[in-house]
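These notes are about the structure you will find just below.
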Amino acid sequence: MEDIKSLQLDELTQKLKDMGQSAFRGKQIYTWLHKRGVKSFDDMTDISKDLRQKLQESFYINTIEEVTHQESSIDGTRKYLFKLRDDSYVESVLMKYHHGNSICISSQVGCRMGCKFCASTIEGLYRSLSASEMLDQVYEVSRLSGERVSNIVIMGIGEPMDNFDNVVSFLRIISSEDGFNLSQRNITVSTCGIVERIKELADLNLQITLAISLHGSNQKVRESIMPVAKMYSLDQVMDACKYYFEKTHRRISFEYALISGVNDKEENIRELTELLSGHNCHLNLIPVNPIKERDFAPSSKEWVYKFQNKLEKNGINVTIRREMGRDIDGACGQLRRRKMLREEL
Ligand code: SAH
């Protein structure tokens, strides 16, 4: 059985032609799946019973099931735990901002990148998500919440560049005019810095925003908290960013989780300035979200502001990420982890 929701419009159209159907059927079915979000072939009311039967014999429509959600009483952030067809779990988060709602989705079940401060990677990678499983997170969160979605960030569980083909399929389908029709400019893909994939993505010339998880101002700090840095040096990552900007003209966003005593010293400010000056980019500071398995602590609030000020004085474009959903296991991967540990949700 083939996963019909992961097919691009042209692929679906071709398959229908191969089944002896006329070309417009592809678009009709694609619209049912991606614009109207139907979960069964029987809901496709303008498709003949005979064709629905045939579709059912060759394809399945992926669905995901809400297990639970938590809502922040501080800012209304909602975190959903979803069960997939093979009974594995992922998280998605709805964040409400003044400028619109943003959904943060997962790209893998678990992660094999091993960042020391991250809850999603503790048990390693189980598997990558299909395009349909990423699409369904968006469709389900918007359906369940009844909220309009204006932005998507792929910053949930997993490393999107370790699931390259499916993530690219997802990006093409979610931004398709015949589907959910969300502008690529409103989508951010975050990576820990897999250099070949950043270049490959650049060559596709999509209009998405690329976010790089920097978290260290020099090779040594980066290596000490992100094992992936041993494979791809900071210099290589910065070169790949330059290439990405030259190809796409999209400004890069750098993520920097401030960890007290690890990457938040005066020298880190100097190094960050040197590293980022001259790059058309934006730096996002996030006080690290402590997880109970590790003893990393965030920098103090006052120091985070000072850190920002000092960088700004040096001409760097810096913002402090608003912490969303502090009261609901804010850091990604924690809800799934609690489920795996069979804690009461
Ligand atoms: N694997 C991708 C995307 C998922 S993580 C990546 O590494 O970019 C999304 C962001 O959250 C990354 O910048 C990641 O480094 C950061 N992050 C993970 N755990 C965190 C924590 N405990 N506190 C703050 N940021 C964290």
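The values are calculated or read from the model by the stated rules, or taken from the named source; none is laboratory data. All of these numbers come straight from a predicted model, not from anything done at the bench. Every residue, glycine among them, receives a Cβ derived from its backbone with ideal geometry; neighbour counts consider all protein chains shown.
In table form, for the structure just shown:
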read-out	value
Some residue of segment 152-162 being within 16 Å of the ligand (Cβ to nearest atom), in a loop (DSSP other than H, G, I, E, B), touching a helix residue (DSSP H, G or I) at 6+ places or on another chain (Cβ under 7 Å) and farther than 20 Å from Pro227 by Cβ	no
Residues (touching a strand residue (DSSP E or B) at 6+ places or on another chain (Cβ under 9 Å) and within 8 Å of the ligand (Cβ to nearest atom)) located in segment 254-297	Glu255, Ala257, Ile286, Pro287, Val288, Asn289, Pro290, Phe296
Residue in segment 48-62 that is under 19 Å from Leu144 (Cα atoms), surrounded by 15 or more Cβ atoms within 10 Å (Cβ to Cβ) and either within 31 Å of the chain's Cα centre (by Cα) or free of Cβ contacts under 8 Å to residues at least 60 places away in the same chain (or both) present	yes
Complete set of residues in segment 74-96 that are touching a strand residue (DSSP E or B) at 6+ places or on another chain (Cβ under 8 Å), farther than 14 Å from Thr63 by Cβ and of a type in the set (A, V, I, L, M, F, W, C)	Leu81, Val93, Leu94, Met95
Condition met for Gln28 (touching a residue at least 60 places away in the same chain (Cβ under 8 Å), surrounded by 15 or more Cβ atoms within 10 Å (Cβ to Cβ) and within 28 Å of Val141 (Cβ to Cβ))	no
Residue, surrounded by the fewest Cβ atoms within 10 Å (Cβ to Cβ), within segment 241-275, restricted to residues that are under 17 Å from Ser299 (Cα atoms) and of a type in the set (Asp, Glu)	Glu266
Residues satisfying the stated conditions in segment 201-223, i.e. among the β-branched types (Val, Ile, Thr) and either under 18 Å from Ser176 (Cα atoms) or part of a strand (DSSP E or B) (or both)	Ile208, Thr209, Ile212
Residue within segment 93-101 that is assigned to a loop (DSSP other than H, G, I, E, B), at pLDDT below 95 and away from the ligand (no atom under 14 Å from the Cβ) present	yes
Yes/no for Gly114 being at positive phi, within 16 Å of the ligand (Cβ to nearest atom) and surrounded by 24 or more Cβ atoms within 10 Å (Cβ to Cβ)	no
Search result, residues across segment 166-210 that are of a type in the set (Lys, Arg), away from the ligand (no atom under 16 Å from the Cβ) and either within 19 Å of Asp239 (Cβ to Cβ) or in contact with a Cys (Cβ under 8 Å, 6 or more places away or on another chain) (or both)	Lys199
Yes/no for Phe180 being out of contact with any Leu (no Cβ under 7 Å at 6 or more places or on another chain), closer than 16 Å to Val109 by Cα, among the aromatic types (Phe, Trp, Tyr) and surrounded by fewer than 21 Cβ atoms within 10 Å (Cβ to Cβ)	no
Scan of segment 117-151 for residues that are among the aliphatic types (A, V, I, L, M) and near the ligand (Cβ under 8 Å from one of its atoms), ordered by number	Ala119
Condition check for Asn309: surrounded by fewer than 18 Cβ atoms within 10 Å (Cβ to Cβ) and free of Cβ contacts under 8 Å to residues at least 40 places away in the same chain	yes
Residue check, Ile291 surrounded by 16 or more Cβ atoms within 10 Å (Cβ to Cβ), touching a His at 6+ places or on another chain (Cβ under 9 Å) and in contact (Cβ under 8 Å) with a residue 60 or more places away in the chain	no
